[in-house]
Structure formats: C-alpha cells, structure tokens
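First, the structure itself, so that you have it in front of you.
The values are calculated or read from the model by the stated rules, or taken from the named source; none is laboratory data. None of these values were measured; they are calculated from a predicted model. Don't worry about glycine lacking a Cβ; one is built from the backbone with ideal geometry, like all the others, and counts go over all protein chains shown. The accessibility values were calculated without ligands, DNA or RNA, using every heavy atom of the protein model including side chains. Shrake-Rupley method; radii C 1.70, N 1.55, O 1.52, S 1.80 Å.
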Amino acid sequence: MTVAGLSLGLDAGGSATKWALLRGGAVVASGRTPPLTAALLAAPQGQANVQALRQALPARPERLHAGVPGLSAASPQAELVAGLLAEALGLPRTQLSIESDLDLAYRAHLAPGAGVLLYAGTGSVAYHVTRGGEVRRAGGRGYRIGDDGAGFSLGRAALRWVTDALDEGLVPATPLAQEVAAVTGGLDWDTLRAFAYDTPGAGAVATLAPAVGRAADAGDPAAQTMLEDAAQALAGLARRVQARVGVLPVTATGGALRVSGRFMAALGRALPGVAVQQRDHAEAAARYAESRLA
C-alpha cells in the first residue's frame, strides 16, 4: 500500500544500496539492501535486488529519487532504468526521478561551481559541476579501467600481496593476512580464486577494504603502505580536475575513507586542505524527491 507523504531516496552502488524514507523532512526509516547499478538492473540479479529493496521498505512511498551508478540523467539508459524501478516498486513513472550517483553525491555536498568532490567508495572519481551545469571529472571509469584508491583497489592490493607470498611458497601470518582470511575464508589459492571471481563485478573484492584498514590500525606495514598509495591515487584525481577548473576546495567522501583514520590522515598529507565529510546521500535524494516531485 502506498503511504501518502512518504518520499524514498536511493543511493545505489556496486557494493550496496542505501535507502531513506522521509515524511515532512524527517527520516522515518533507512537501511541497506543489495547493490544496484545501471548494468545490474538489466540482469536477473538486479531485478532480485530491487525486490529485496521493496521487501525491506516498511511502507511503499509515493515518490522516489535515485542516484544510480553507470548512467547520465536524461539519457535513454536513464529512462530505461527509471522505468524498471517504477515498475518494480509500483510507482507511477511521473513520481520517479533519476540521476547518476555522482550528481547525487555532488548535490549532497556542494553547490554547482563551489568545489571538487573526491569520492571513494567501491570506485573512485573526482567530480566538479560548473555553475552552468557542465561536468568536469577524472576517474570513475570502473574497476576494469580505473577506480584507483578506492575500495576495490584496496581489496585487489590485499589479494595481490597474499598471492605474491603464495608464489614464493609462503603462507603469511601477519595482521593483514589474518584479516584477509577472516573475510575470504582462507588463504589458499582455490579459496581466494572463488572469492575474487565467483561473484561478478567489483563488490566482493571491495569488501576487503575494511580488512586493509583494520590491519593498518594494528600496525601492519604492508596495509599501511596500501593506504598511503591509495591516498596518493585519490589526490592525483583531484589535482587533475583542479588543473581544469582552478584550485577549488576539495571535499572527500565515500565509504572507503571510513576503513581507517590512517586513510583520512594519509589523504590529508597527500592533498593538503582536503575536507572529509560523510553526508547521507540517500537522505539527500529523498529530500530532492520531496522538493521536486510533491
């Protein structure tokens, strides 16, 4: 049953989808459900994940705004994804709006022209929206091409470190090795291969990012180096955008930055003056739905 006055905001992603329900500007409920991306929504697993979202909602909203990876607002693909979401959630198409997850993130943190958003979640991107609405970006090309410095690359670095040791006939027993084994279920190649390749996309590997953070906090030098390298990669993205738009302030956000205080400190050293903020993008999407679709 659709409940009058409820607005739903979605911050979809490759690792999870965050949602928030608002009524009159106040959060009624929020949560996390399986990942949703533009590519995933066209596949059977994506439809199953939408159903998981629908089942998680305590009531059906009357309007929705979503930020979804892998699309541009007003594109044919965006219209296709919007139609799939509207049908799956039982909403009129007129009560649903959609944009890229990056536009949503920028909106949540910055006004057009105000700065550079540096996002590090499963993937990574530096993003600027001009006062005229034009986008200037660096990175955000997906795990097969880029996403350096974010969750997937941290997980990949951990797996490479373990498999390099295996190649030398060693089974490491350091804090990083222990943290990786706790997530993957073991350090033998069969276990690691199944972990890395049985689940398509970047999500599974990205779940190792917190393991790198915990190991770094425990004093593991390899994990600490991975965080330093990741910070340098993220700083490079921001500088590439600044080179095009001017040395505007940089705001950093995203789940990868939460894996360790050491990561945020390393980013501060790599990019002096960066401000780290963690705002709820799903809530921002719900507020946008209230303001634009009411």
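Only one residue in L176, L166, L187, L192 is surrounded by 12 or more Cβ atoms within 10 Å (Cβ to Cβ), part of a loop (DSSP other than H, G, I, E, B) and either touching a His at 6+ places or on another chain (Cβ under 9 Å) or of a type in the set (A, V, I, L, M) (or both). Which one?
Matching residue, one of L176, L166, L187, L192: L187.
Taking only the stretch 254-280 into account, find how many residues are open to solvent by less than 10 Å² (accessible area, probe 1.4 Å) and within 17 Å of A16 (Cβ to Cβ).
Qualifying residue count, the stretch 254-280: 3.
State yes or no: is T251 surrounded by 20 or more Cβ atoms within 10 Å (Cβ to Cβ) and outside any helix (DSSP H, G or I)?
So T251 passes the test.
Here's something else I'd like to know. Scan the stretch 255-288 residue by residue and report those that are assigned to a loop (DSSP other than H, G, I, E, B) and more than 20 Å from the chain's Cα centre (by Cα).
Passing the criteria: L271, P272, G273.
For the stretch 113-120, does any single residue satisfy the condition of being at pLDDT 85 or above, β-branched (V, I, T) and out of contact with any Leu (no Cβ under 6 Å at 6 or more places or on another chain)?
no
Quick test for you: out of T199, T191, pick the one residue that is free of Cβ contacts under 8 Å to residues at least 40 places away in the same chain and in contact with a helix residue (DSSP H, G or I) (Cβ under 7 Å, 6 or more places away or on another chain).
Every option except T191 fails the conditions.
How many residues are modelled with pLDDT under 85, in contact with a strand residue (DSSP E or B) (Cβ under 7 Å, 6 or more places away or on another chain) and either among the β-branched types (V, I, T) or open to solvent by 20 Å² or more (accessible area, probe 1.4 Å) (or both) when one looks only at the stretch 4-26?
The number of residues fulfilling the criteria is 0.
Also, I was wondering about something else. Among the candidates A105, A78, A29, A48, which residue alone is assigned to a helix (DSSP H, G or I) and at pLDDT 90 or above?
The conditions single out A105.
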